[in-house]
Amino acid sequence: MPQAFVNIAYLISSTLFIFALKGLSHPRTAVRGNLLGALGMLIAIVVTLMDKSIVSYELIILGFILGSAIGAISALKVPMTSMPQMVAIFNGFGGGASTLVAALAFIEAIELNKAMGTQETVATVASGLIGAVTFWGSMVAFAKLEGLIEERPIRYKGEQIVKIIFALASIIFGIIFGMEKNMNYYWYLVATSSILGVLLTIPIGGADMPVVISLLNSYSGLAACATGFVLNNNVLIISGSLVGASGIILTNLMCKAMNRSLTNVLFGGFGEIVAETDEDKVYGGKIKSASPEEIAMLLENARRVVIVPGYGMAVSQAQFAVRDLMKVLESKGIEVEFAIHPVAGRMPGHMNVLLAEANIPYEKLKEMDEINPTFEQTDVSIVIGANDVVNPLARTDSNSPIAGMPILDVDKSKTVVVIKRSLAPGFAGIPNPLFAADNTLMLFGDAKKMVQELINALKES
Ligand code: NAP
């Protein structure tokens with residue numbers, strides 16, 4: 001195949017990837033963005049396989065069918081709440097593939113007596129190192145999130161020194177490999193980097209896991225980019241850089257939303273802090289629960305209502321009932337808006353995706369900075385399965401694991417209604433004084449069921 005044709009096809013793919021990222025940055029254009037990205041990938045794969053013509057067409061078709069089936073089944077079967085695990089495992093495969101592809105390219109070059117220059121050698125070392133860290137780091141993250149191993153951070157004395165030793169060993173094997181061009185050293189490098197990947201991820205737990213997955217996503221992009229330099233493949237270099245850059249931007253955004261630094265996430269050990277706040281002290285005799293009928297009466301007199309969705313809405317799949325509640329309230333002339341915390345749920349954009357699924361207009365979804373100043377003018381805030389993102393301890397208790405995390409100031413509204421099944425804590429594992437506040441009413445039960453009962457009560461009143 002003429003090289004000019006391949007390069008033009010790669011340029012089209014790369015452009016499609018950039019438009020895909022642009023589309024994915026807004027819920028309204030996300031589906032189109034996804035399709036553009038998939039089209040870009042299809043063009044890149046077909047052109048690469050036709051260009052190299054090293055694999056038989058039967059194998060290519062078999063690979064396509066197998067890969068598409070695995071992708072489609074995972075997309076359909078994996079529940080939204082398990083998306084972080086799925087992303088982890090896909091990142092891991094990306095990293096692992098980069099390690100193996102770079103190795104095979106080098107082995108082939110040695111066999112063909114082809115000279116590998118400095119660029120290819122350095123890129124092979126980078127692919128082996130970053131790819132192995134990504135693969136094993138992602139496998140540990142997957143196992144933690146799936147509950148296959150303890151999610152709690154695993155810490156031990158001198159852990160930073162042990163990590164530095166393995167990082168140095170990987171670099172030394174990389175240098176020897178570069179000088180000797182002996183594949184044995186590559187595999188030693190992969191072995192030490194694999195251990196490093198495990199060591200880097202086991203001390204992380206709790207709310208930091210998705211941040212680490214986003215960071216590993218960035219690593220998988222860097223590994224792919226490095227492999228692009230080994231193969232001299234432009235589309236791999238460009239798409240790898242895009243994944244690397246977008247992964248690090250997302251990591252940074254998540255850290256900011258949780259008021260943590262990346263260093264603190266990687267070396268601080270979230271989830272290790274044992275909650276010291278005594279539940280009895282926070283809740284003892286102060287919880288007021290109400291029935292759907294009582295809350296319906298309260299809502300009847302409201303002019304402005306803010307709905308705050310959280311992880312519990314996702315668990316209960318209450319988004320359609322929540323849309324119906326919005327419609328009933330609006331039919332009574334009540335203004336309704338949604339307050340979206342950047343880390344509500346279990347992955348970035350979790351609430352946006354669910355509410356978009358229920359066709360709730362995007363204009364109604366307000367980000368934290370925009371909605372926070374309006375809570376004082378809000379008659380009723382309805383918190384549906386959210387906990388940590390509305391926990392005032394973040395403002396008041398400097399020892400709390402969520403200390404300093406910006407929260408939605410629902411406690412400033414005239415009345416707060418909290419829908420959840422019990423007084424159980426959220427992700428951070430700490431009690432929430434909001435539930436015991438004077439202006440809070442608890443509506444205990446499953447989010448979907450309670451919202452439906454609330455709608456029935458509103459319709460009857
Ligand atoms: P949360 O603090 O985890 O609390 C969720 C609450 O939902 C729980 O207290 C639970 O209480 C309730 N719940 C569960 N199932 C329910 C059901 N079927 N019906 C009604 N309620 C139900 O959730 P959040 O306020 O959304 O906060 C998210 C947390 O995850 C934060 O700590 C954040 O840092 C962390 N996190 C988020 C991301 C992200 O990217 N979004 C990433 C990593 C970590 P009951 O059991 O009493 O019902």
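Observations on the model:
- Inverting the pair-averaged 1/r between distinct Cα atoms of the range 300-423 gives 14.5 Å as its Kirkwood hydrodynamic radius.
- When you restrict to C-alpha pairs under 8 Å that are six or more residues apart and normalise by the size of the chain, the relative contact order lands at 14 percent.
- The range 283-347: radius of gyration and largest Cα-Cα distance (Dmax), Å: 13.7, 39
- When both the range 1-65 and the range 98-127 are represented by their alpha-carbon centers, they are found 24 Å apart.
- Proximal aspartates and glutamates relative to Lys327, as straight alpha-carbon distance under 13 Å, when same-chain residues fewer than 8 apart are discounted: Glu335, Glu337
- The mean sequence separation of alpha-carbon pairs under 8 Å and at least six residues apart, normalised by the residue count of the range 80-267, gives a relative contact order of 28 percent.
- In the range 120-205, inverting the average of 1/r over every pair of distinct C-alpha atoms gives 13.3 Å as the Kirkwood radius.
- Bins of 10 Å, starting at 0 and running to the largest distance - Cα pair percent for the range 159-266: 15, 33, 38, 14, 1
- For the range 376-428, the relative contact order comes to 48 percent (Cα pairs under 8 Å, sequence separation of at least 6).
- Treating r as the C-beta distance of Asn456 and Ala424 and R0 as 22 Å, the FRET efficiency rounds to 0.25.
- Projected label points at Glu300 and Ile165, each 7 Å from Cα along the beta carbon direction, are separated by 7.2 nanometres.
- Scattering curve values for the range 80-267, log₁₀ I(q)/I(0), Debye with Cα scatterers, q = 0.18 Å⁻¹: -1.15
- Against the compact-protein benchmark of 2.2 N^0.38 Å, the Cα-based radius of gyration of the range 1-77 scales to 1.26.
- Angle between the chain longest axis and helix 159-180 axis [Cα atoms, degrees, rounded to 10]: 30 degrees
- Rounded to 10°, Cα long-axis angle of helix 319-331 versus longest principal axis of the chain: 40 degrees
- Overall, the anisotropy analysis places the range 332-372 in the oblate class: the square-rooted eigenvalues a ≥ b ≥ c of its C-alpha gyration tensor yield a/c not less than 1.5, with a/b not exceeding b/c.
- Extents of the chain, taken as max minus min of Cα coordinates on every principal axis and listed largest first, are 83, 52, 33 Å.
- Pairwise label distance in nanometres, Ile60 with Lys157, each label 7 Å out on the Cα-Cβ vector: 6.0 nm
- Neighbour-count order for Arg421, Arg323, fewest beta carbons within 10 angstrom listed first: Arg421, Arg323
- Separation of the alpha carbons by more than 19 angstrom is noted, of Lys420/Lys449; Lys22/Lys52; Lys144/Lys256; Lys412/Lys459, for Lys22/Lys52; Lys144/Lys256; Lys412/Lys459.
Bear in mind that the values in this text are calculations on the coordinates, not laboratory data. The structure presented is a predicted model; accordingly, all values stated were derived computationally and were not measured. Cβ: placed from backbone, ideal geometry, glycine included. Neighbour counts: every protein chain shown.
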